[in-house]
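Below is one structure, written out as structure tokens; comments come after it.
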Amino acid sequence: DVRVEEVEVPFAAASPDEWWDRATALAGPLALRLAGMSGEESDELRARARRAARSYASAGGLLMPGLSLVASGRRA
């Protein structure tokens, strides 16, 4: 008996810079890709991401929606 549920997991950050630093530190493939970019390329990508994140601005910084799938099972 397997059950999969959607669980909302909003992501809050005090600023776009905090969000960017956390996201790039946790996302291994993204961190590797960024490491291979020139400083100019990396800066441009960061600027584009900051512009995209503006729509999630809140009084406390950024509040981005998120969703996780949680699976659980029980042997009958």
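Below are the figures for this structure:
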item	result
Nearest-10 value in Å² for the accessible area of Leu45, using the 1.4 Å probe	50
Unit charges at the beta carbon, dipole of the chain: most positive-side option, Leu69, Ala23, Leu45	Leu69
By average C-beta atoms within 10 angstrom, highest first, the peptides 14-20, 70-76	14-20, 70-76
Global geometry of the chain, whether rounded, prolate or oblate, following the gyration tensor of its Cα atoms and the 1.5 cut on a/c	oblate
Nearest-20 debye value, the chain charge dipole, Cβ charges on Lys, Arg, Asp, Glu	200
Carbon and sulfur %, accessible surface of the chain computed with the full protein complex present, 1.4 Å	54
Calculated [θ] (222 nm, deg cm²/dmol) that DSSP helices of n ≥ 4 give over the chain, each run adding -39,500 (n - 2.57)	-13500 deg cm²/dmol
Exposure of Met37 as accessible area (Å², to 10), given a probe of 1.4 Å and all protein chains	50
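The values are calculated or read from the model by the stated rules, or taken from the named source; none is laboratory data. The structure displayed is predicted, hence computed values, not measured ones. Positions of Cβ are backbone-derived with ideal geometry, glycine not excepted, and every protein chain shown enters the neighbour counts. Accessible surface areas use protein heavy atoms only, side chains included; no ligands, DNA or RNA. Shrake-Rupley method; radii C 1.70, N 1.55, O 1.52, S 1.80 Å.
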